[in-house]
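Each reported figure results from applying straightforward, stated rules to the coordinates on display, with no laboratory input. Since the structure is predicted, the reported quantities are computational estimates derived from the model, not experimental observations. FYI the Cβ positions are ideal-geometry reconstructions off the backbone, even for glycines, and counts take in every protein chain you see.
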Amino acid sequence: MPITLERIPGHEERVILSMGPQHPSTHGVLRLVLELEGETVVRALYDIGYLHTGFEKSFESKTYHQGITLTDRMDYLAPLSNNLGFCLATEKLLGLEIPPRAQWIRVLLTELTRIQSHLVWLGTHAIDLGAMSVFLYCFREREEILHIFEAVSGQRMMTSYFRIGGLALEPPLGWLKGVQKFAKSFPARIEEYETLLTRNPIWLSRTQGVGYISAEDAIAYGLSGPSLRGSGVDWDIRKKEPYSSYEKFDFKVSTRTEGDVYGRYLARVEEMRQSLRIVNQAMEGLPEGPVKANAPHIVMPERESMKTSIEALIYHFKIVTEGFHPPVGEVYQAIESPRGELGFYMVSDGSPKPFRCHVRAPSFANLQALPRLIEGRLIADVVACIGTIDIVLGEVDR
């Protein structure tokens, strides 16, 4: 861990500490420059860009179908959420209507993604503050969800399962049994986490009153997701601007008024319960029908049809080699990712590749508030404040 200590002229009692970019509690390659007076953080600056991959520029050299694989790797803890945002933006550009079955399966899998992302957050956040057991339990449940993703798509994480026009393929027979098994056992697991943490005096002392931000400041900094709702702001895109049939699901927006690390913890825990509620509704009311839109010049044909139909084979060849030509225009599509508002601003010039694809990444916006959370706090609280905004550096340095 590279650490640099420097005396500040005129303030000999203050030092500059460089935290990161390899420090484990920065949850990735984030560097913080902290001005300390004793153990108190007087001033904080963040230094990003160590993981820069150029995703947004890479979109411009990929066809729309090829771009989906890039989205998997931005927020690598919620790849299906990224797939959904990109596909919805492209479908909005095309004016493409998605079959109800595909929409409901998208919702089901996206909510499972939200749960497994929150499990990674809770496990790592807890271990940062000294609670080892919770980390092991959270990753135990996450494995069950990753097994479901693997059964459906063949991949545990980088699934690329959502495609423009629907899904890559119909889920295999019996896939819902794995979801039902998880849904039945998970409520007791959440209770287990809360038994270990929610009233634990050590956890309370490390989280209550730490990293406070008011609702007004949270809005001014552009926070979204649980980081915003933990300050009492009732804003969830699934409710306010529904997409992919979310208006047909009954769930509550999880908000807290504490505005501190503890409040954001409670907001995410309750959000896992509400996501499970959506998953159960999606299983109970899953419609029958196709999982792809009827648009042969845009949507890849079924593999079996290519063996018997020359038209299907030609469409497949054209889509793979040339792509499709959406109309000239621009769209913005936002979804509620596990970290907040994930938006895709897409510009088409009529060619098979996006002229511009800009991502409104919630981790990037939420990171702006980090100095506000930690200035005036002890250096030990810096770790808690980094964990509470749940950043993913692949999404920050895109």
State the answer as a single residue: which of Ser309, Tyr137, Val42 lies farthest towards the positive end of the charge dipole of the chain, with beta carbon charges of +1 for Lys and Arg and -1 for Asp and Glu, about the Cα centre.
Ser309
Could you check the simple spin-label distance between Gln180 and Thr69, using points 7 Å along Cα→Cβ, in nm with one decimal?
3.6 nm
Dipole of the chain [Lys/Arg +1, Asp/Glu -1 at C-beta], most positive-end residue of Leu367, Gly178, Ala89
Gly178
With 10 Å bins from zero, work out the P(r) of the stretch 40-95 over every alpha carbon pair and list the percent per bin.
20, 41, 20, 12, 6, 1
Going 7 Å from the Cα of Ala380 along its beta-carbon direction, which residues of the stretch 197-236 have the amide nitrogen within less than 15 Å of the resulting point?
201-211
Positive-end residue of Phe149, His65, Trp121, charge dipole of the stretch 65-162 with Cβ unit charges:
His65
Using the number of other C-beta atoms within 10 angstrom as an exposure proxy, rank Thr71, Thr40 with the fewest first.
Thr40, Thr71
Note down the nm distance, to one decimal, between modelled labels 7 Å out along Cα→Cβ at Val320 and at Lys239.
4.6 nm
How charged is the neighbourhood of Val107? Take every other residue with its Cβ under 10 Å from the Cβ of Val107, and add Lys/Arg as +1 and Asp/Glu as -1.
+2
Rounded D (µm²/s) - the chain, Kirkwood Rh over Cα pairs, Stokes-Einstein at 25 °C, 0.890 mPa s:
111 µm²/s
In debye, nearest 20: dipole of the chain around its Cα centre with unit charges on the Cβ of K, R (+) and D, E (-)?
760 debye
